[in-house]
Amino acid sequence: MSPEFIFDFGSPNAYLAWKVLPEIEARTGARFDPVPCLLGGIFKATGNQSPMTANANIPAKMAYDMLEMRRFVARHGLTKFQMNSHFPVNTLLLMRVATAAKRDGALAAVMAAAFAAMWEDGRKMDDPAVVADVLNRAGLPAAGLIAAAGEPQVKAALIAETERAVARGAFGIPTFFIGDEMWFGKDRLGQVEEALSRR
């Protein structure tokens with residue numbers, strides 16, 4: 001049973017979790033199945049909000065969230081991470097590209113390119129020209145992937161995966177599933193690893 005990693009490129013915490021997943025895979029022998037979902041769709045369906053919106057009037061909570069992020073970055077040596085100056089970024093096109101790439105067996109390469117562009121290089125990843133440039137520089141067929149992102153079946157697949165995640169209890173990203181058991185947030189990765197080790 002493959003553990004699932006529910007992600008959206010627009011979440012910095014999804015990037016941070018993604019960077020740590022190979023360590024967990026090496027220790028447990030598990031292989032995470034990345035599942036592209038639209039974070040905005042999850043928020044809309046559940047009535048949730050981004051932490052920056054929900055905690056805008058709670059300065060101490062905002063400050064603590066940033067402290068926890070810095071601690072996570074330091075613990076795992078994620079020195080390339082930086083907040084994107086364009087944040088928040090509309091990731092609809094990018095998540096459709098990811099959905100098409102998963103269908104075509106290219107998701108790992110797209111994730112590597114897009115996560116780095118978003119959370120290391122600070123690229124404006126809601127600009128189709130920038131997305132194309134990032135994909136081309138990674139040696140990926142940008143024109144084909146962007147064209148595929150517009151296909152009705154790809155759009156429907158992203159909606160279906162987002163709705164499926166919500167139906168299973170997801171309310172934000174990153175979310176992890178092992179079978180029907182769910183964990184939310186990068187700070188639960190230790191618990192995810194413990195569960196995988198038990199299996």
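Based on what the data block shows, is Lys61 outside any loop (DSSP other than H, G, I, E, B) and open to solvent by 80 Å² or more (accessible area, probe 1.4 Å)? If you could, list the steps in order and put the result at the bottom.
Values: outside any loop (DSSP other than H, G, I, E, B): yes; open to solvent by 80 Å² or more (accessible area, probe 1.4 Å): yes.
Criteria met by Lys61.
Taking into account only those residues within region 22-58 that are part of a loop (DSSP other than H, G, I, E, B) and open to solvent by 50 Å² or more (accessible area, probe 1.4 Å), which is farthest from Leu196 (Cα to Cα)? Walk me through it before giving the result.
Taking region 22-58 as the starting set, the residues that turn out to be part of a loop (DSSP other than H, G, I, E, B) are 29-32, 37-38, 47-50, 55-58.
From the residues that got through so far, the ones that are open to solvent by 50 Å² or more (accessible area, probe 1.4 Å) too are 29, 31, 47-49, 56-58.
Details: Gly29: 9, Arg31: 10, Gly47: 31, Asn48: 28, Gln49: 30, Ala56: 36, Asn57: 38, Ile58: 36 Å.
Out of the qualifying residues, it is Asn57.
How many of the residues making up region 72-121 are over 15 Å from the mean Cα position of the chain (by Cα) and under 19 Å from Val35 (Cα atoms)? Let's see the steps before the verdict.
Residues of region 72-121 over 15 Å from the mean Cα position of the chain (by Cα): 72-80, 82, 85-86, 100, 103-106, 121.
If we keep only those that are under 19 Å from Val35 (Cα atoms) as well, we get 100, 103-106.
Here the count works out to 5.
I want to confirm something. Restricting to region 131-160 and keeping residues that are of a type outside the set (D, E, K, R) and assigned to a loop (DSSP other than H, G, I, E, B), which single residue is most open to solvent (accessible area, probe 1.4 Å)?
Pro141
Within region 113-130, identify whether any single residue is open to solvent by less than 20 Å² (accessible area, probe 1.4 Å), modelled with pLDDT of 95 or more and of a type in the set (Val, Ile, Thr), and answer yes or no.
no
Exactly one condition in (1) at pLDDT 95 or above; (2) of a type outside the set (Ser, Thr, Tyr); (3) surrounded by fewer than 16 Cβ atoms within 10 Å (Cβ to Cβ); (4) not in a loop (DSSP other than H, G, I, E, B) is false for Trp18; which is it?
Just one mismatch for Trp18, condition (3).
Here's a check for you: in region 85-103, which residue that is in contact with a Lys or Arg (Cβ under 9 Å, 6 or more places away or on another chain) and touching a residue at least 60 places away in the same chain (Cβ under 8 Å) is nearest to Glu161 (Cα to Cα)?
Looking at the filtered set, the residue picked out is Thr99.
The values are calculated or read from the model by the stated rules, or taken from the named source; none is laboratory data. No experiment lies behind these values; they were computed from the predicted model shown. Ideal geometry is used to build each Cβ from the backbone, glycine not excepted, and the neighbour counts take in all protein chains shown. Remember, those area values only see protein heavy atoms, side chains included, never the ligands or the DNA or RNA. Shrake-Rupley method; radii C 1.70, N 1.55, O 1.52, S 1.80 Å.
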